[in-house]
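Read the structure below first, then the notes.
The values are calculated or read from the model by the stated rules, or taken from the named source; none is laboratory data. If you're wondering where the values come from, they're calculated on a predicted model, not measured in any experiment. In this analysis, Cβ positions are derived from the backbone assuming ideal geometry, glycine residues included, and neighbour counts consider all displayed protein chains. The area values use the complete protein model at the heavy-atom level, side chains included, leaving out ligands, DNA and RNA. Shrake-Rupley method; radii C 1.70, N 1.55, O 1.52, S 1.80 Å.
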Amino acid sequence: MNQFVWAVAGSAILSISLVAQQAPPPRPKLVASHPAAGLSVDAQNQLVKQYCSSCHSERGKAGGLSLASFDAAQIEQHADVGEKMIRKLRAGMMPPPPARRPDAETMSAFVTALETKIDAAAALNPNPGWRPFQRLNRAEYARAVRDVVGINVDVSSFLPPDTISAGFDNISDVQSFSPTLMEGYLRAASQISRLAVGDRNASPTSVTYKIGRTMSQMRHVDGAPMGTRGGISVVHVFPDDGDYVIKAAMHYEPLGGLFGRYSMLTMNIPEQVDVSINGERVALLDVSPSMSETDFGQNKGANGLELRTPSIHISAGPQRVSVSFIQRLDGPVDDIIAPLENTLADVDISYGVTALPHMRDVAIVGPTAVTGVSDTPSRRRIFTCRPLSANEEETCAADIVKKLTAQAYRGDATPDDIQDAIEFFQKGRKSGDFEHGIRLALQSILVSPRFLFRTEQAPATLLKTASSYRIADQDLASRLSFFLWATGPDAELIKAATSGALRTQAGLEKQVRRMLADKRSDALSTRFASQWLRLQDLDKIFPDYLLYPQYDDTLAQAMRKETELFFDSIVRDDRSILDLVTADYTFVNERLAKHYGIPNVTGGEFRRVQTPEYRRGLLGQGSILTSTSVADRTSPVLRGKWVMDVLLGTPPPPPPPDVPALDDSVKANEGGKMLSTRQRMEEHRKNPTCNACHRFIDPLGLALDNFDVTGAWRVKDNEVAVDSVGDLYDGTTMNGPAGLRDALLKHQDMMLRSFTENLLTYALGRRVEYTDMPTVRAIVAGAAKNDNRFSSYVMGVVNSAAFRMVKLQTPTKVLNTEAGSPR
């Protein structure tokens, strides 16, 4: 792809090279040829020749780009090349240090001239872009199911992970559809319909909830009864009223014995497991210190480390199930070899005599002895009527199906759609009762292409000469709801689309502001921001438990929740996007506050607190700092790359294949002396091949080196004082997090454009192309008039042609961001 793109760009440049290769013109005066341009065309050409052509020649082609035939007068015809130049120049990355640079005023005038000409050409010939139809990804499918039947389902057990492109999982042209995926949708629809409607003939099944080794089990778990520790608390959807068995399996030592048994023997601490449903105890199980993995006698389970409850009668529907240990003692541990408070990282290590038993997983098995199906929230939502006789069944079924299809198909179910579902009802009714027929109809709706795919039809009256068209109002409503809520439109939005209210600016803005105020807009933090900020990478990092024993999965979840709540506050309070790096507040619970050293925070509930100066904004949050580290040390490269890619939108190129990794090229211990991460990086950069990129990346990451692997503040690294001073690639000196923050604010135009590109990408479900950059600049300019408030960016996206229109022809090639182009 990269070679193809550069070949196209090179061909376009060569097509005008004869003009550029004539006798060089005299050096022009820097005079304005257009009020917005700032520089004449000749002056722009001379700048490129003087500062750029030596590296970006036909022979050199630095970054795969030749500017030998650059002509500012025709830049709109080669907008792809122009956008690459704009991105690098706006970021201050070109010309690279230590090459000579024009003064800042001239540089700004040149970039403005390029943007003005490209934007003017785009205004005369708008290109809203194109995408194929979209398929519901896992998160959207789960939310849509909740809207239709009112239950939360973990679809990860049915559907494979979604493909990530441009940082997001909703990019349409990479959403494949395979027989395996179709089978997953069929299995999901079958199980969801059984859980929602109930199935009196259901056979027993087993659902297992695993508890990770790095999940804290020494303290209370949210949702479990007070006075307990560890274990798990989940909301489980029971399909029927019947008998269920709940099983709890324990962690074991290398030889098979119960982990933590020495505390029970030496301190005579009886351990018991409390099993409760909705906070009410239904079983109390004794834990024996003699339990062993090889003991199959006790408890008659799969092995001797498994505890089982007697059969428990539980009603259908969502019920909170908690399985946890009774808390026997609390206080400081007085043990020569103290156990890790927060994690069971390795059972091979002796944790002294005060380590307590830990639970490995909980399984719910059933139902047996089914007695019926209670009135559950999902049944109340589905069964809006009840037939009193056989003659009323068809009418009642039609009413139910009409309501379900309207919600599932996002408001535009056709008579054929309704009839298809009715036929499935009739088939189900022949082999079972009325509820069985409704269950089969619901199952057919959940696997219908109308539910799984978001298709947009061109208007039938479209002129043959048209190059683009405005999407239908119902399609616009669907785009709005999946953008802001990650699910289908509600009744009010559908009504606005049907009445034509979305065609007026006032009507559209009213709906957008209503949707932003709705609790469902939390999708902007849990979906958009989570993916944009790469919070999923937090699941891939496991800090060394010997070096960082305070880190566990409970802390990691708190870190992620902090960032999601922080971004949600930007949305709810309609704050400036720049607050993402400048805000003097965050959200913490007791565990996270203790990790950060913030006093006077107790309990598991998150609350807003003021932060010290060095921990302001995203740059001081543990989710970002931990996910950009490695297990046993910080990584200035990963942190610097994150800043360049996520915040500035200028990702560095991948390293050459023959360059060794830092840990292979520079050891932490050289000549008996421990080296800090900075010292190792300086050694690594002595390789000229490495230095070409690391001079851009490293100073950004080293500015955050006072934060350790887990985001805790430190002043030494390997007993060497942390040095967080460095120079940005444009020469700006940075000193610690505050210096990095100031440097980012100096280039806030790049920050705002990067945010807008990602927001537009997520909203459109396609990668942003160079043809979209005039739209991005227009959105940023419009938001600047309203203090860069979040709602201004949302309205800018929604009002853009890219969001409300579709180009008829196939999309242009997407450029590689490594060369400074949009995604």
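Annotations
- Over the chain: helical MRE at 222 nm, DSSP H runs n ≥ 4 each giving -39500 (n - 2.57), nearest 500: -11500 deg cm²/dmol
- Within the accessible area of the chain, the carbon and sulfur atoms contribute 54%, probe 1.4 Å, all protein chains present.
- In Hz, Karplus ³J(HN,Hα) per residue of segment 191-200 (6.51, -1.76, 1.60; θ = phi - 60°; x = Gly, Pro): 5, 5, 5, 5, 5, 6, 8, x, 9, 5
- Violating pairs (Cα-Cα greater than 25 angstrom) within the set Lys49/Lys807; Lys49/Lys641; Lys561/Lys641; Lys641/Lys716; Lys61/Lys807; Lys716/Lys746: Lys49/Lys807; Lys49/Lys641; Lys61/Lys807; Lys716/Lys746
- For Trp130, nonlocal amide neighbours, meaning residues 5 or more places apart or on other chains whose placed amide H falls under 5 Å from its own, are Lys807.
- The amide H of Thr611, built 1.01 Å from its N in the peptide plane, has Tyr585, Thr586 as neighbours under 5 Å, considering only residues 5 or more places off or on other chains.
- Between Arg213 and any residue 5 or more places off or on another chain, the built amide H atoms are never under 5 Å apart.
- Simple Cβ-charge dipole of segment 520-627, Lys/Arg +1 and Asp/Glu -1, about Cα centre, in debye nearest 20: 100
- The string of couplings for segment 481-488 from the Karplus curve (6.51, -1.76, 1.60, θ = phi - 60°) is 5, 6, 5, 8, 10, 6, 7, x Hz, one whole number per residue in order, with x for Gly and Pro.
- Per-residue 3J(HN,Hα) values for segment 222-237, derived from phi via the Karplus relation 6.51 cos²θ - 1.76 cosθ + 1.60 with θ = phi - 60°, read 4, x, 7, x, 5, x, 10, 9, x, x, 8, 9, 9, 9, 10, 8 Hz in sequence order (x marks Gly and Pro).
- Under 11 Å, Cβ to Cβ, from Asp522 - net charge with Lys/Arg +1 and Asp/Glu -1: +2
- C-alpha center-to-center spacing [segment 218-256, segment 451-493] in angstrom: 45
- Other residues whose C-beta falls under 11 angstrom from the C-beta of Arg572 contribute a net charge of -3, scoring Lys and Arg +1 and Asp and Glu -1.
- Per residue, the accessible area of the chain comes to 43 Å² when a 1.4 Å probe rolls over the protein heavy atoms.
- Using the Cβ of Thr116 as centre and a radius below 12 Å, the other residues enclosed give a net charge of -1, where K and R count +1 and D and E count -1.
- Each of Ala738, Ser290, Ser57 was scored by the projection of its Cα onto the charge dipole of the chain, and the greatest displacement toward the positive side belongs to Ser57; charges sit on the C-beta of Lys, Arg, Asp and Glu.
- Ordering Ala123, Met644, Gly317 by the projection of their Cα atoms onto the charge dipole of the chain, which places +1 on the Cβ of Lys and Arg and -1 on the Cβ of Asp and Glu, puts Ala123 at the extreme positive end.
- With a 1.4 Å probe rolled over the protein heavy atoms of all chains, the accessible area of Asp787, Asp334, Asp553, Asp80 falls in the order Asp334, Asp787, Asp553, Asp80, largest first.
- Based on Cα contacts under 8 Å between residues 6+ apart, the chain shows a relative contact order of 14 percent.
- Ranking Leu265, Thr710, Ser178 by how far each Cα lies toward the positive end of the dipole of the chain (charges on Cβ) leaves Ser178 at the top.
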